[in-house]
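Q: Before I ask anything, let me first share the structure, which is written out below as structure tokens.
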Amino acid sequence: RPGRSRPAGAPGAASCSLLHVPLDAATERDIEPQVRRWLAFARQKTAEIATLARGLSQGTDAIAAELAANRADLASRASSALTRDPAVRSRTAAITAADGRRSQPYAERAAAQRAHLGLPLLPTTTIGSFPQTDELRVARADLRAGRIDTAGYEERIKDEIREVLSFQEKTGVDVLVHGEPERNDMVQYFAEQLTGYVATQHGWVQSYGTRYVRPPVLAGDISRPEPMTVRWTTYAQAQTSKPVKGMLTGPVTMLAWSFVRDDQPLGDTARQVALALRDEVNDLEAAGTSVIQVDEPALRETLPLRAADHAAYLDWATESFRLSTSGVRPDTQIHTHMCYAEFGDIVQAIDDLDADVISLEAARSHMQVAGELAEHGYPREAGPGVWDIHSPRVPSTQEAAALLRKGLEAIPAERLWVNPDCGLKTRGWTETRASLENLVSAAREVRAGLTTDNG
Ligand code: GLN
Ligand code: ZN
């Protein structure tokens, strides 16, 4: 307070709560000791505050050893092969504007995709995950405990994929998904397979309410030693003649739900992740995947607080998404997904992603986003959700059909998709079955009305 003298002894405090950092980096025995020394969790940060306070009250000589150790750690990071991978660096340095652009404009792509996919008007799909059942959790626990081996675990995953596919086929869904049963978490699953990411054992932080997550750490330059999802996606595609959507987590979300590097701009890290994902997207296409969804649910939440910082963020965010998705043929359909209904301040950025199809949360706001997209002049396909998956309530066919008709007031039938608000991993099978059946009936009913009206 002005006018009040500081007490002797220079107290120190963190500038914000330690709620969002894990407790103690020292417990991370699986992280290489040198890399571990680059991390400061709550205990390390608190110790640093005490060191700084001592330096302020007793002079820097009193903390010379700590300062030297810190300088050595930072120097080891700056010269480490993990943080400076020449192959990754030369690749990001060689990125050109053309790498972030599809080879053809949307109108031509849309025609090629229509011919290639042969989908009906108002095509139905889901956002990716199907219920994470107790059996799946047990399978993962069995694998960890050594009660089953990898082969046994993968058999259970395959059983689940076949069940999810046969349900979708029977129900009449147009673009199928494999259900993501092999994924513990949509960021962690990819982080575990990318070089440069480090996983923690005890790095729990509060996500919301009583839910805790263990975000992976972006420790070094990112590269993809081998394909990450191609095997499961092609297994799924081999079971059905309908298109199976490949499912990836986008670069912004990969950063937003991890601990990021502070030794380079976020945009540089995002571009590295984007190039790794670009290889995955291209490999999926080469393996016969015609529809690929790159989820970016964190695009809005990562928007900086200060308006002055928005443009720079949206620039690298949209560029990195396009980098991941622009290497494909015109007839390969790129989807993206975001789960929030209030996106007015980033609608231009959503347009700049240049995805062929976007699915959004819309059920609770009664398709408000459809109107906002239309008002913006959004030129591509969109699936405003017609089923609020945050609740176990099953929407009736009439209710879903009414929402679809509302959507049609804003988005023409050629560009409107039918899907839930988000993935189904937190839902049970009972309501999932009933809700998806109703969603498909609603699409059929509204579709039939369109053909009658037209002629
Ligand atoms: N594909 C993911 C899923 O269905 C998307 C999750 C999300 O939007 N948070 O689970
Ligand atoms: Zn979602």
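Q: Give the ranking of R261, R447 by solvent-accessible surface, highest area first, calculated with a 1.4 Å probe. Please list the in-between numbers first.
A: Values: R261 10, R447 50 Å².
Reading off the accessible areas and sorting them downward yields R447, R261.
Q: Here's another thing I want to ask about it. Which value, in debye to the nearest 20, gives the size of the charge dipole of the stretch 128-202 about its Cα centre, when Lys and Arg are +1 and Asp and Glu are -1 at the Cβ?
A: Values: 9 positive and 15 negative charges, 33 e Å.
That gives a dipole near 160 debye.
Q: Under the rule of -39500 (n - 2.57) per DSSP H run of 4 or more residues, summed and divided by the residues of the chain, what mean residue ellipticity at 222 nm is obtained, to the nearest 500 deg cm²/dmol?
A: On the way: 16 runs with 201 residues, N = 455.
Estimated from H runs of four or more residues: -14000 deg cm²/dmol.
Q: Expressed as a whole percentage, what fraction of the accessible surface of the chain belongs to carbon and sulfur atoms when a 1.4 Å probe is rolled over the protein heavy atoms? Please report the intermediate quantities before stating the final value.
A: Values: 10980 of 21000 Å².
With neighbouring chains kept in place, the figure for the chain is 52 percent.
Q: Rounded, prolate or oblate: which fits the stretch 193-236 when a ≥ b ≥ c are the square roots of the eigenvalues of the alpha-carbon gyration tensor, with rounded for a/c under 1.5 and prolate only if a/b beats b/c?
A: Details: a/c = 3.77, a/b = 1.49, b/c = 2.53.
Cα axes put the stretch 193-236 in the oblate bin.
Q: Which FRET efficiency value, to the nearest 0.05, is calculated for V347 and Y189 with the Förster distance at 45 angstrom and r the Cβ-Cβ distance? Don't skip to the answer; put the middle values down first.
A: Values: r = 29 Å, r/R0 = 0.66.
Rounded to the nearest 0.05, the efficiency is 0.95.
Q: While we're looking at this one, here's another question. Using only the alpha-carbon atoms, how far is helix 310-325 inclined from the longest principal axis of the chain? Give it as 0 to 90 degrees, nearest 10.
A: Roughly 60 degrees between the two axes.
Q: Still on this structure, please answer the following. Please give the per residue accessible area of the chain, computed with a probe of 1.4 Å over protein heavy atoms only, in Å².
A: Numbers: 21000 Å² over 455 residues.
Heavy-atom accessible area per residue stands at 46 Å².
Q: Let me ask something additional. As I understand it, the value is the acute angle between the Cα axis of helix 266-286 and the longest principal axis of the Cα atoms of the chain; what does it come to in degrees, rounded to 10?
A: Rounded to the nearest ten degrees, it is 40.
Q: Sorted by packing (mean other beta-carbon atoms within 10 Å per residue), highest first, where do 149-158, 339-348 land?
A: Working: 149-158: 14.0, 339-348: 15.8.
Final packing ranking: 339-348, 149-158.
Q: Please sort 380-388, 357-365 by packing, taking for each peptide the average over its residues of neighbouring beta carbons within 10 angstrom, highest first. Spell out each step's value before the answer.
A: On the way: 380-388: 25.2, 357-365: 23.3.
Ranking the peptides 380-388, 357-365 by packing returns 380-388, 357-365.
Q: While we're on this one: Under a point spin-label approximation (7 Å from Cα along Cα-to-Cβ), what is the S17-A98 distance to one decimal in nm?
A: About 5.1 nm separates the two model spin labels.
Q: Run the lone-cysteine check on the chain: no other Cys C-beta under 4.7 Å from the residue's C-beta.
A: Flagged as lacking a Cys partner: C16.
Q: Using 7 Å Cα-to-Cβ label points, what is the H202/R29 separation (nm, one decimal)?
A: The modelled label-to-label distance comes out at 1.0 nm.
Q: Given Q333, Q264, I292, which one lies farthest toward the positive end of the charge dipole of the chain, if we put +1 on the Cβ of every Lys and Arg and -1 on the Cβ of every Asp and Glu?
A: Q264
Q: Run the simple label-point estimate for A68 and D268 please: 7 Å along Cα→C-beta, distance reported in nm.
A: If labels sit at A68 and D268, their model points lie 2.9 nm apart.
Q: Can I ask one more? Could you work out the local net charge near A276, counting Lys and Arg as +1, Asp and Glu as -1, over the other residues with Cβ closer than 12 Å to its Cβ?
A: Numbers: positive: R91, R224, R271, R278; negative: D85, D221, E226, D279, E280, D283.
Charge balance near A276 sits at -2.
Q: Take every DSSP beta bridge whose two residues both sit in the chain, then give the antiparallel share in percent to the nearest 5. Working shown, then result.
A: Details: 6 of 30 bridges.
So the antiparallel bridges in the chain amount to around 20 percent.
Q: If you don't mind, another one. Using r as the Cβ-Cβ distance of S166 and V138, and R0 as 22 Å, what FRET efficiency do you calculate, to the nearest 0.05?
A: Numbers: r = 22 Å, r/R0 = 0.98.
Once the sixth-power term is evaluated, E becomes 0.55.
Q: State whether the stretch 134-276 is rounded, prolate or oblate according to the following rule on the C-alpha gyration tensor (a ≥ b ≥ c being the square roots of its eigenvalues): a/c under 1.5 gives rounded; otherwise a/b larger than b/c gives prolate, and the remaining case gives oblate. Before the final figure, lay out the partial values.
A: Details: a/c = 2.00, a/b = 1.48, b/c = 1.35.
Since a/c reaches 1.5 and a/b is larger than b/c, the shape of the stretch 134-276 is classed as prolate.
Q: Give me the lysines in straight-line cross-link reach of K158: C-alpha distance below 24 Å, same-chain residues under 8 apart excluded.
A: Hits, sequence-local ones excluded: K170, K242, K245, K425.
Q: Run the numbers on the chain and let me know its relative contact order in percent, using alpha-carbon pairs under 8 Å that are six or more apart. If you can, show how the numbers build up before the last one.
A: Working: 749 pairs, mean separation 74.1, N = 455.
With pairs under 8 Å counted, the relative contact order is 16 percent.
Q: Could you work out how far helix 150-171 tilts from the main Cα principal axis of the chain, as a 0 to 90 degree angle to the nearest 10?
A: 40
Q: Multiplying the sequence separation of H116 and S57 by 0.36 nm and subtracting their Cα-Cα distance, what value in nm do you get?
A: Numbers: separation 59, 0.36 × 59 = 21.24 nm, distance 7.18 nm.
Result: 14.1 nm gained on full extension.
Q: Let me ask something additional. Based on the mean of other Cβ atoms within 10 Å per residue, sort peptides 112-122, 266-276 so the most packed one is first. Each step should come with its number before you reach the end.
A: Working: 112-122: 15.5, 266-276: 24.0.
Highest mean packing first, the order is 266-276, 112-122.
Q: Which of rounded, prolate, oblate describes the stretch 41-80, given a ≥ b ≥ c as roots of the alpha-carbon gyration tensor eigenvalues and a/c under 1.5 marking rounded, otherwise prolate only if a/b is larger than b/c? If you can, show how the numbers build up before the last one.
A: Working: a/c = 3.93, a/b = 1.48, b/c = 2.66.
The shape class here is oblate.
Q: Express the relative contact order of the stretch 346-421 as a whole percentage, based on alpha carbon pairs under 8 Å and six or more residues apart in sequence. Write out the running numbers ahead of the final one.
A: Working: 111 pairs, mean separation 29.5, N = 76.
Contact order relative to length: 39 percent.
The values are calculated or read from the model by the stated rules, or taken from the named source; none is laboratory data. Only a predicted model underlies this, so the values are computations on that prediction, with no experimental measurement involved. All Cβ positions, glycine included, derive from the backbone under ideal geometry; neighbour counts span all protein chains shown. Just the protein is used for accessible areas: all its heavy atoms, side chains included, with ligands, DNA and RNA removed. Shrake-Rupley method; radii C 1.70, N 1.55, O 1.52, S 1.80 Å.
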